[in-house]
Amino acid sequence: MNNVYYGKLIFELSKEGRRGYTLPKNELAQYNIEDLPAHLMREQAPALPEVDELTVVRHYTNMSNNNFGVDTGFYPLGSCTMKYNPKINEEMSSLPAFTGLHPLQDVSTVQGALEVYYNLQTSLAEISGLSEFTLNPYAGAHGELTGLMVMKSYHMSRNDDKRTKVIIPDSAHGTNPASAAVCGFDIVVVKSRPDGTVDVEDLRPLLDDSIAGMMMTNPNTLGIFEHNIAEIAELVHEAGGLMYYDGANLNPMLGMCRPGDLGFDIMHINLHKTFSTPHGGGGPGDGPVGVREGLEQFLPCPRVVLDENYELKIEFNDESLGSVSGFLGNFGVIMRAYSYILTLGKENLRMVGPLATLNANYVKESLKDCYELPIEGVCKHEFVFDGLKDKSTGVTTLDVAKRLLDYGYHAPTIYFPLLFHQALMIEPTENESKETLDGFIEVMRKIATEASENPELVKGAPHNTPVRRLDDTLAALKPVVTYAELAQAE
Ligand SMILES: *Cc1c(COP(=O)(O)O)cnc(C)c1O
């Protein structure tokens, strides 16, 4: 692609006096502009690019084509993957009847929206085997914090105030220790065994009456099912602690088993991963929190409840830990999740876990002769390679990830989890076709061959992308986000 719009900033396309719009009638013209306070009036016209309509359209369309998205190609990003995002969900979440609502409207006028909220709440409880859910938290990490606040409220309600520690496995997602720390807990790390599961013998001596609970992901971030989960839950419960389940990625579990049945007391779900909201670039999200029977009263307010006349109400209660968000969470995301569950239905929802597992194992088995597989055996929805099998070429996981971009694939998650030096974490998700998986496998094998035959080619990648290898650290520390800053930087 090489046209006059490509790689240009909109300001560079500006021509003095060029116009590409017709403004709507100024509804404020009827007011006397002199009435506005002088300090609110602009002294100079804003410096806007002056461009015709087609230039604007082509500029932005070209720019969007430079972006990789789940709608343009395969996206095997482990752990934080965008899973299946049916387009009908977008339509449902933008229905004017919902988008036009105001959160302070009288409840009698928003019964439809409350029904969506209530039905999703009860569906999630059924799916996860817990008693009640709140949909109020805005993200996975926000759900973790809310769940840990429930844990704290529970111990406090029993005047058990010496429980200051939370146990977290060394394979955990980084948000787990961060949320526990924000909630005021001290973190105790429990080690993993060589097979990637929690070492029960390392856990035993950590358990005493200073433990508030334990946070786990199952299958864990290595994609391995924690088969000792029943024993672990029993040990933690015996010590008086609660079990917290990080259900950000619930897809391998759907239809297979329920966290509540495994002994978990509190959990969160990322609607923006498992239940289909595209979440690139940091949002939007929603992180519902569920609890087992006996902990419902601690959930945050407001809550949506069904009264004896089958009317939905918004309720506050005294035992609750309070409010964690404005109103009732992120309604657009809630709407998409509800639409997703109804679209798939019970039967197809049951297929999500088995298909996620099948796809991940297919890719893993097809590549393990060229990539180092540190943990053998059947994985669940994702798995981790420890870089290329042949380490003699000096080609790293970062190089492989960059070379994938040349072939039109999004890179897997790299250098996480921290258990391996060259971690390459792949999650194909449940809905990808065999042809897509075969295409990815072929390219991964090709890169392995290139790494041994022409390592410099891989180390210099990407070669075909709009921008080459960037200094990610500098870009994060000193982002250039305005034209003025760019002009200054040059
Ligand atoms: C994504 C993720 C989280 C955090 O979710 P956010 O919405 O990004 O805050 C927590 N745990 C696991 C395992 C995750 O994959």
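The values are calculated or read from the model by the stated rules, or taken from the named source; none is laboratory data. All values derive from a computational prediction rather than experimental measurement. Using ideal geometry, Cβ is built from the backbone for each residue, glycine included, and neighbour counts are taken over all protein chains shown. For the accessible areas, the whole protein counts, side chains as well, though only heavy atoms, and no ligand, DNA or RNA atoms are used. Shrake-Rupley method; radii C 1.70, N 1.55, O 1.52, S 1.80 Å.
Sort out which residues of the stretch 419-435 are in contact with a Gly (Cβ under 9 Å, 6 or more places away or on another chain) and either in a helix (DSSP H, G or I) or not small (Gly, Ala, Ser) (or both), and write them in order of number. Let's see the steps before the verdict.
Going residue by residue through the stretch 419-435, those that are in contact with a Gly (Cβ under 9 Å, 6 or more places away or on another chain) are 419-427, 430.
Of everything in the stretch 419-435, those that are in contact with a Gly (Cβ under 9 Å, 6 or more places away or on another chain) and either in a helix (DSSP H, G or I) or not small (Gly, Ala, Ser) (or both) turn out to be Leu419, Phe420, His421, Gln422, Leu424, Met425, Ile426, Glu427, Glu430.
What's the total number of residues in the stretch 370-389 that are touching a helix residue (DSSP H, G or I) at 6+ places or on another chain (Cβ under 9 Å), acidic (Asp, Glu) and surrounded by fewer than 23 Cβ atoms within 10 Å (Cβ to Cβ)?
The number of residues fulfilling the criteria is 2.
Might you check whether a residue that is assigned to a helix (DSSP H, G or I), of a type outside the set (Ser, Thr, Tyr) and within 16 Å of the ligand (Cβ to nearest atom) occurs anywhere in the stretch 103-119?
No, the conditions are met nowhere in the stretch 103-119.
Picking from Thr164, Thr134, Thr175, which residue would you name as being assigned by TED's automatic domain parsing to the domain that holds Phe264 and touching a Pro at 6+ places or on another chain (Cβ under 7 Å)? Please lay out each step first, then the result.
Working: Thr164 fails: touching a Pro at 6+ places or on another chain (Cβ under 7 Å); Thr175 fails: touching a Pro at 6+ places or on another chain (Cβ under 7 Å).
Within the list Thr164, Thr134, Thr175, the selection yields Thr134.
When you check Thr55 against the structure, is it open to solvent by 40 Å² or more (accessible area, probe 1.4 Å), β-branched (Val, Ile, Thr) and more than 16 Å from the ligand (Cβ to nearest atom), yes or no?
no
Rundown of residues vs (1) under 17 Å from Asp246 (Cα atoms); (2) of a type outside the set (A, V, I, L, M); (3) within 16 Å of the ligand (Cβ to nearest atom); (4) free of Cβ contacts under 8 Å to residues at least 60 places away in the same chain, yes/no style:
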site	(1), (2), (3), (4)
His272	yes, yes, yes, no
His279	no, yes, yes, no
Asp286	yes, yes, yes, no
Val289	yes, no, yes, no
Arg292	yes, yes, no, no
Glu308	no, yes, no, yes
Glu311	no, yes, no, no
Asn317	no, yes, no, yes
Gly322	no, yes, no, yes
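Hey, among the residues in the stretch 471-490 that are within 24 Å of the chain's Cα centre (by Cα) and small (Gly, Ala, Ser), which one's nearest to Ile10 (Cα to Cα)?
Step by step, filter the stretch 471-490, then rank; the result is Ala475.
Having 3 or more residues that are open to solvent by less than 10 Å² (accessible area, probe 1.4 Å) and touching a residue at least 40 places away in the same chain (Cβ under 8 Å) is the bar; report the strands (runs of 3 or more DSSP E) wholly within the stretch 123-201 that clear it.
165-169
Could you please find all residues in the stretch 208-221 being open to solvent by less than 40 Å² (accessible area, probe 1.4 Å) and touching a Gly at 6+ places or on another chain (Cβ under 7 Å)?
Ile211, Ala212, Gly213, Met214, Asn220
Could you tell me which of the residues Ala461, Ala411, Ala401, Ala451 is in contact with a helix residue (DSSP H, G or I) (Cβ under 8 Å, 6 or more places away or on another chain), open to solvent by less than 60 Å² (accessible area, probe 1.4 Å), within 25 Å of Ile224 (Cβ to Cβ) and small (Gly, Ala, Ser)?
None of the other options fit; the residue is Ala411.
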